[in-house]
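The values are calculated or read from the model by the stated rules, or taken from the named source; none is laboratory data. These numbers come from a predicted model, not from an experiment. Virtual Cβ from ideal backbone geometry, glycine too; neighbours counted across all protein chains shown.
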Amino acid sequence: MKKLADLIQVRLAKLDALHRRRRLRPVDPDSGIDLTHNDYMGLREDPGFQARARAAAAPWPTGSGASRLLGGEHPIYAEVEEAFAAWKGAASSLFFTSGYAANEALMSALHLGDAVYFSDEWNHASLIDGMRLARLKPEQKQIFRHNDLGHLESLLQKSTAQLKLVVVESLYSMDGDLCPARELSALAQRYEAVLIVDEAHALGVYGPEGEGWMAAQGVDHSHYISVNPCGKAMAGSGAFICGPAWLRDHLINTARSFVFTTGASPWLAAALQESIRTMKGLTSEREAFAARVERLHRHIEALGFNKGGSVSHIIPIILGPESAALAAENFCAERGVLARAIRPPTVPEGSGRLRLSLHAGLSDADEERIKEVLTELAQRIIA
Ligand SMILES: Cc1ncc(COP(=O)(O)O)c(C=O)c1O
């Protein structure tokens, strides 16, 4: 143990020296207006939803007891998978214990034949790790410039692979920009490529019933496969992969993070059914939230901040040096607005930022306070 402890202490000291040591900070509901979490529709704070979700979970056991293939297949999984697929307009869905596990599973399970993956350069770590797990040859993984369809098309054109997989997110979580859904779908169809979309940050917020960004853009689910993590607007955890029934069968048979893991808690599956039901009815809340997001965008623009390509409820205020991002986090926290500094290696060097993660639980008074604090921050930075 001593040798291990010494080696680890050296590592941690290096992170300390770079001011990059991560620490867990307990949630404190009284510490201010919280713009650090991803509960975009505010369901964790909604007493009605919380009561309904608890009631839905009550009849089920806390744990599944086993892998779903070995005695842990509670009927609630099939029920929630059907409800989720119907909501998304997909033929079927399969429930995983997390978005991370779902992305790993999907990326590695689709390495068939001479498959080539065309991956947006800003894709989430779980998609990247899934591709690593797939043990692709270098030529099987082609990275295209973020949201650059011209670049993607040039790569697709050159490829002679039988199976082409285009992998993107719908809403990019560090920059708050959206993928060009319709154009991507058309491009993928033109090159007979399979489009895979991670909807983690768009689920619940976009779409007529909160189904996500692809649905909001009118792309039929028969044209893509979606990964839908439920730890954000759905106020739970776990994730559904939606697509054709044969994909579900294939994943059940090959996805290691499905086969070799205990089924997610049946409580959670039942609570997520309540999340789906609730999401469908949040039309006016989504509209009001979109209007609030729009107002905050206009305010931040007027202050002269660089918010990159953000058009959504995730707004980065890009400040450059890590020290500036950290100073901005402290400045806002001291004034009761909690937002996280995001620094390399999560974002590229020199693009440290304060990331505002807006949510539908904000009140008008919260909005005013956020505007005041950002105005003060702008004055401080300019001064
Ligand atoms: C785009 C994206 N995909 C997948 C995940 C992983 O999902 P989970 O938190 O359920 O593991 C995250 C982050 O949590 C994410 O931001």
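Just checking, does the stretch 282-302 include any residue being part of a helix (DSSP H, G or I), out of contact with any Asp or Glu (no Cβ under 7 Å at 6 or more places or on another chain) and closer than 30 Å to P59 by Cβ?
yes
Given E81, E73, E104, which one is within 22 Å of L133 (Cβ to Cβ) and in contact (Cβ under 8 Å) with a residue 60 or more places away in the chain? Spell out how you get there, then give the answer.
Working: E81 fails: within 22 Å of L133 (Cβ to Cβ); E73 fails: within 22 Å of L133 (Cβ to Cβ).
Within the list E81, E73, E104, the selection yields E104.
Answer yes if at least one residue in the stretch 335-342 is buried (at least 23 other Cβ atoms within 10 Å of the Cβ), out of contact with any Pro (no Cβ under 9 Å at 6 or more places or on another chain) and within 26 Å of W213 (Cβ to Cβ), and no otherwise.
Yes, because at least one residue in the stretch 335-342 is buried (at least 23 other Cβ atoms within 10 Å of the Cβ), out of contact with any Pro (no Cβ under 9 Å at 6 or more places or on another chain) and within 26 Å of W213 (Cβ to Cβ).
For the stretch 286-303, give me the residue count where each residue is β-branched (V, I, T) and under 21 Å from the mean Cα position of the chain (by Cα).
Here is the first cut: in the stretch 286-303, the ones β-branched (V, I, T) are 293, 300.
Going one step further and asking which of them are under 21 Å from the mean Cα position of the chain (by Cα), we end up with 293.
Matching residues across the stretch 286-303 total 1.
Residue check: is G150 farther than 17 Å from F258 by Cα and either under 24 Å from the mean Cα position of the chain (by Cα) or not β-branched (V, I, T) (or both)? Give the steps one after another, and end with the answer.
Working: farther than 17 Å from F258 by Cα: yes; either under 24 Å from the mean Cα position of the chain (by Cα) or not β-branched (V, I, T) (or both): yes.
Yes, satisfied.
How about the stretch 22-109: which helices (runs of 4 or more DSSP H) wholly inside it have at least 3 residues that are closer than 29 Å to A288 by Cα and either within 16 Å of the ligand (Cβ to nearest atom) or modelled with pLDDT of 95 or more (or both)?
In the stretch 22-109, the matching helices (runs of 4 or more DSSP H) lie at 47-57, 75-88.
Please work out if L296 is in contact with a strand residue (DSSP E or B) (Cβ under 9 Å, 6 or more places away or on another chain) and closer than 28 Å to L24 by Cβ. Reasoning before the result, please.
Details: in contact with a strand residue (DSSP E or B) (Cβ under 9 Å, 6 or more places away or on another chain): yes; closer than 28 Å to L24 by Cβ: no.
No.
Filter the stretch 198-250 down to the residues that are more than 18 Å from the chain's Cα centre (by Cα), over 18 Å from R182 (Cα atoms) and among the small types (G, A, S) and list them by number.
A245
Using the structure shown, decide if Y117 is without any contact (Cβ under 8 Å) to a residue 60 or more places away in the chain, away from the ligand (no atom under 15 Å from the Cβ) and assigned by TED's automatic domain parsing to the domain that holds S222. First the steps, then the outcome.
Numbers: without any contact (Cβ under 8 Å) to a residue 60 or more places away in the chain: yes; away from the ligand (no atom under 15 Å from the Cβ): yes; assigned by TED's automatic domain parsing to the domain that holds S222: yes.
For Y117, the condition - without any contact (Cβ under 8 Å) to a residue 60 or more places away in the chain, away from the ligand (no atom under 15 Å from the Cβ) and assigned by TED's automatic domain parsing to the domain that holds S222 - is met.
Can we say D129 is away from the ligand (no atom under 16 Å from the Cβ) and surrounded by fewer than 23 Cβ atoms within 10 Å (Cβ to Cβ)?
Judged against the criteria, D129 is not a match.
Can you work out which of the residues in the stretch 249-275 that are away from the ligand (no atom under 15 Å from the Cβ) and not in a helix (DSSP H, G or I) is surrounded by the fewest Cβ atoms within 10 Å (Cβ to Cβ)? Step through it out loud before you land on a result.
From the stretch 249-275, those away from the ligand (no atom under 15 Å from the Cβ) are 249-254, 256, 259-260, 262-263, 266-267, 270, 273-274; that's our starting set.
From what is left, the residues that are not in a helix (DSSP H, G or I) are 260, 262-263.
Values: F260: 9, T262: 14, G263: 26.
Ranking the candidates gives F260 first.
Filter the stretch 305-331 down to residues that are outside any loop (DSSP other than H, G, I, E, B) and polar (S, T, N, Q) and give me whichever is farthest from A291 (Cα to Cα).
Kept after step one, since they are outside any loop (DSSP other than H, G, I, E, B), are these residues of the stretch 305-331: 314-320, 322-331.
If we keep only those that are polar (S, T, N, Q) as well, we get 323, 330.
Numbers: S323: 32, N330: 28 Å.
Selected residue: S323.
Given the options S363, S351, name the one that is surrounded by fewer than 20 Cβ atoms within 10 Å (Cβ to Cβ) and among the polar types (S, T, N, Q). Don't jump to the end; show me each part of the working.
On the way: S351 fails: surrounded by fewer than 20 Cβ atoms within 10 Å (Cβ to Cβ).
Checking each option against the conditions leaves just S363.
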